[in-house]
Amino acid sequence: MNIGIAGACGKMGKMITRQLFRDPEIKKISAFERGDSPDIGKDMADILGNTERRGTPVLGDLRGIHGTVDCLIDFTFPGPTLEHLSVCVKERIPMVICATGFSKDEEKRIEDAAKVIPIVFSPNMAIGMNLVFKIVKEVAKVLGKDFEITVDETHHIHKKDSPSGTAKMIAKKIEESAGRSVPIEAKREGEVVGNHGIIFDGEYENIEIRHDAKSRDVFAKGAIKAAKFVIGKTPGLYTMADVLGL
């Protein structure tokens, strides 16, 4: 299969490319960056220091990619993501959207696009985190009326959205089960990859559920799994829960 990566020279793009280089199922990788990137024209092998896998030049234009990629993984930001979404809809290319921080109107555009192409859209691509979503919803169903519930998250200082999309999703799952909103405490510290905690505070006992990402590679692994899943699917909006069969 042939995989395209939007934002290929960013931190996550590089990690995804490294993993794709090692994946025997991947025949071709297409790397895309913004038009003014100084990396345009360079080979991803040189950027990553992997001279054995030359032949993946960094491109600056997604237009005309029909027939060259089976799926586009987008790990950029809402603005660029929506531009790439328009191209993928026009070219009928499945998409994995890993960016967060979308407004309600922007999310509606993604939902509308999913009527034309299959899209995996998730605030967190980590397999373990998506298990936490499921667990938290079940715990909140039982304890939600009698326990105080709080959500906390810590990310690196470069993260633009606060609270994180993951924390918002956790809060949404709790609200769906417990029927009430919960507070989110968001912190930005150093180079923390992404830590999330949920505390159920009862009169006689406490329950804490945590997920700490030790490396961004966990998000890359999930994104690649999502790409393999969405290729060949009918149009629709899928989540990592669908990818994992949860």
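The values are calculated or read from the model by the stated rules, or taken from the named source; none is laboratory data. Just so you know, these numbers come straight off a predicted model, no measurement behind them. Heads up, the Cβs are rebuilt from the backbone with ideal geometry, glycines too, and the neighbour counts pull from every protein chain shown.
Values computed for the structure shown
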item: Among the residues listed as Glu111, Glu175, the single one being over 18 Å from the mean Cα position of the chain (by Cα) and farther than 30 Å from Pro24 by Cα; result: Glu175
item: Criterion (among the acidic types (Asp, Glu), crowded, with 20+ Cβ neighbours inside 10 Å and not assigned by TED's automatic domain parsing to the domain that holds Val193) met by exactly one of Asp43, Asp61, Asp74; result: Asp74
item: Meets criteria (closer than 20 Å to Ile224 by Cα, surrounded by fewer than 23 Cβ atoms within 10 Å (Cβ to Cβ) and of a type in the set (S, T, N, Q)) for Thr56; result: no
item: Single unsatisfied condition, Thr234 versus (1) under 21 Å from the mean Cα position of the chain (by Cα); (2) not assigned by TED's automatic domain parsing to the domain that holds Cys98; result: (2)
item: Residues of segment 148-173 classified as in contact (Cβ under 8 Å) with a residue 60 or more places away in the chain, surrounded by fewer than 19 Cβ atoms within 10 Å (Cβ to Cβ) and either touching a Cys at 6+ places or on another chain (Cβ under 8 Å) or not charged (D, E, K, R) (or both), total; result: 1
item: Segment 88-100 - residue that is touching a Phe, Trp or Tyr at 6+ places or on another chain (Cβ under 7 Å) and assigned to a loop (DSSP other than H, G, I, E, B) and, of those, modelled with the highest pLDDT; result: Cys98
item: Hits in segment 223-236 (condition: surrounded by fewer than 22 Cβ atoms within 10 Å (Cβ to Cβ) and of a type in the set (Gly, Ala, Ser)); result: Gly232, Gly236
item: Total residues in segment 211-222, condition in a loop (DSSP other than H, G, I, E, B) and buried (at least 22 other Cβ atoms within 10 Å of the Cβ); result: 0
item: Failed criterion for Lys187 (all others in (1) under 27 Å from Lys221 (Cα atoms); (2) part of a helix (DSSP H, G or I) hold); result: (2)
item: Count of residues meeting criterion [within 15 Å of the chain's Cα centre (by Cα) and buried (at least 21 other Cβ atoms within 10 Å of the Cβ)] in segment 122-147; result: 8
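Yes or no, residue by residue, for (1) over 20 Å from Asp161 (Cβ atoms); (2) at pLDDT 95 or above; (3) part of a strand (DSSP E or B):
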| site | (1), (2), (3) |
| --- | --- |
| Arg180 | yes, no, no |
| Val192 | no, no, no |
| Phe200 | yes, yes, yes |
| Tyr204 | yes, yes, no |
| Ile209 | yes, yes, yes |
| Ile224 | yes, yes, no |
| Thr234 | yes, yes, no |
